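Read the figures in this text as sums done on the coordinates, not as results from a lab. This structure is a prediction, so every number in the text was calculated from the model and none was measured. Ideal geometry is used to build each Cβ from the backbone, glycine not excepted, and the neighbour counts take in all protein chains shown.
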Amino acid sequence: MLRVDVEKQLGEFSLSAAFTSEGRVTGLFGASGAGKTSLVNMIAGLLRPDRGSIAIDGDVVDDTAAGIHVPAWRRRVGYVFQDARLFPHLNVAQNLDYGRRMNGLARDEAQRRRVVDLLDIGALLDRRPGKLSGGERQRVALGRALLAKPRLLLLDEPLGALDEARKLEILPYLVRLRDEANIPMVYVSHDVAELRQLATQIVMLKQGRVTSFGGVKVLT
């Protein structure tokens, strides 16, 4: 379960959002500038709320009244950005292993095989990111996040930089991730079709405010 009740002033922009989601994929939907990325950055711990609280699986990671702010690296949250952010000097296998090592996790070969098979990246392990398509890079970024064993996965417009063909290539993997990985996700997008296919609950943002919350029917 993800519980959010926060306020944040960012220059002239004011963000105030409150919702509780138990969905497998919580979609954050809104136009550019609605506050989606700022909100997901607060969930990640990259941005501190001015007021309010955030709890993941009942674990309070932010509570301004109590002076609680768990740093990002201790939240056990995976974050996949629009531009993948793979390390160009490492091959795919080394990129996949990075999150596990940075979190001090023991090697889990069974988990690694499951993730590699889930994302169909076994043939890419020896390649460098510069030799991958955009869709392949995003699948590797997803794998790296999953192998860090997060309790919540944040995806900030992961298909936003891809052309239509690459989007169609990677969407089935995201659906498989939702159905098989057993990790709740927050999925940021301004694409109605993506969210209809992936999300189980929708938080609709407009000018920094939650205007609707519910099932995918709120997108109609």
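Things worth noting here:
- Ascending count of other beta-carbon atoms within 10 Å, so fewest first, for LYS36, LYS8, LYS217, LYS149: LYS217, LYS149, LYS8, LYS36
- Folded to 0 to 90 degrees: helix 164-180 orientation relative to the chain principal axis, Cα: 80
- When ASP120, ASP97, ASP179 are arranged by Cβ crowding within 10 Å, least crowded first, meaning fewest neighbours, the order is ASP179, ASP120, ASP97.
- Cα gyration tensor shape for segment 1-152, rounded if a/c is under 1.5, else prolate or oblate: prolate
- Order of LEU205, LEU219 under a 10 Å beta carbon neighbour criterion, fewest first: LEU219, LEU205
- Label-point gap, in nm, between THR220 and SER32 - each point 7 angstrom along Cα→Cβ: 3.0
- Cα centroid separation, segment 169-198 to segment 4-20 (Å): 25
- Beta bridges by DSSP in the chain, antiparallel share as percent, to the nearest 5: 60
- Segment 58-104: C-alpha gyration tensor shape, a/c 1.5 cut-off, then a/b vs b/c: prolate
- With both labels modelled 7 Å from their Cα along Cα-to-Cβ, the ARG209 to MET1 distance reads 2.7 nm.
- Each Lys and Arg contributes +1 and each Asp and Glu -1, all at the Cβ; summed about the Cα centre of the chain, the dipole is approximately 420 debye.
- Count of Lys pairs (Cα-Cα under 18 Å; at least 8 positions apart or interchain) in the chain: 4
- Put the Cα centre of segment 82-102 next to the Cα centre of segment 107-159 and the gap is 9 Å.
- Note on the chain: GNM, Cα springs under 10 Å; of GLY45, GLY33, GLY11, the largest mean-square fluctuation is that of GLY11.
- Relative contact order, percent, the chain [alpha-carbon distance under 8 Å, six or more residues apart]: 30
- Nearest-ten-degree value, helix 92-102 long axis tilted from longest Cα axis of the chain: 50
- In terms of its C-alpha gyration tensor, segment 85-220 has a prolate overall shape, because the principal axis ratio a/c (a ≥ b ≥ c, square roots of the eigenvalues) is not below 1.5 and a/b outweighs b/c.
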